[in-house]
1. Six or more apart or on different chains, Cβ under 7 Å: which pairs go from a residue in the range 48-61 that's in contact (Cβ under 8 Å) with a residue 40 or more places away in the chain to one that's assigned to a loop (DSSP other than H, G, I, E, B)? Could you list them?
2. Among the residues of the range 175-206, what is the count of those that are more than 13 Å from residue 154 (Cβ to Cβ) and outside any helix (DSSP H, G or I)?
3. For the range 94-118, enumerate the residues that are surrounded by fewer than 18 Cβ atoms within 10 Å (Cβ to Cβ) and either outside any loop (DSSP other than H, G, I, E, B) or touching a residue at least 60 places away in the same chain (Cβ under 8 Å) (or both).
4. What is the number of the single condition among (1) closer than 15 Å to residue 148 by Cα; (2) in contact (Cβ under 8 Å) with a residue 24 or more places away in the chain that residue 185 does not meet?
5. Just to be sure, is residue 21 surrounded by fewer than 14 Cβ atoms within 10 Å (Cβ to Cβ), at pLDDT below 95 and not in a strand (DSSP E or B)?
6. Sort out which residues of the range 59-72 are in contact with a helix residue (DSSP H, G or I) (Cβ under 9 Å, 6 or more places away or on another chain) and part of a loop (DSSP other than H, G, I, E, B), and write them in order of number.
């Protein structure tokens, strides 16, 4: 599927817990661009599969399911980005640990990734797109005008996740969260299709000791100083 031309794309790739979701949403708001969260597509697919009682190890059925679901990212009345599956808001469901683990597992299937590729390309629309994921700049939008690889130390990413869980009232153990982050990293880096990597031409940002505002400004400065392709 050929990508539309003359539409700027900013890709934000990085491991789980690097802050790319929060940063990407802030950037989409500041720029007034469309937003795509790749991870939410896999999570939404997991929710759809569960609702239809599909076997999440059946790559063929999961790949076929992609064409039958409608996934959208919109800002609600409070100005927050939320995800819709077939017209129904699923933001709270997306944030569960169970769905997150399912998404990480189905993301290793090449057939599923290929089926979702075409769907992701449809999000590239005027006035521009901020694409958040793990292979946005390397596979989905390799010719993107602007590419960022956002990361942080394993411990820092685990602490952020732990804090999120506690704030949601979910019981968690920091050591277990660290192990979960490490396992996800291994799956993402070692999968046969679209492994997590620093995209060619991407600016590398370590957010371990940076605030959200500092990272957002660093990316905006990057966009301002780098001419589009």
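The values are calculated or read from the model by the stated rules, or taken from the named source; none is laboratory data. This one's a predicted model, so the numbers in the text were calculated from it and none came from an experiment. Backbone-built Cβ (ideal geometry, glycine too); neighbour counts: all protein chains shown.
1. From the range 48-61, the pairs are 49/56; 59/109.
2. Selection size over the range 175-206: 15.
3. 95, 97, 98, 101, 105, 108, 110, 111, 114, 117, 118, listed by residue number.
4. Tallying (1) closer than 15 Å to residue 148 by Cα; (2) in contact (Cβ under 8 Å) with a residue 24 or more places away in the chain, residue 185 fails exactly one: (1).
5. No, not satisfied.
6. 67, 68, 69
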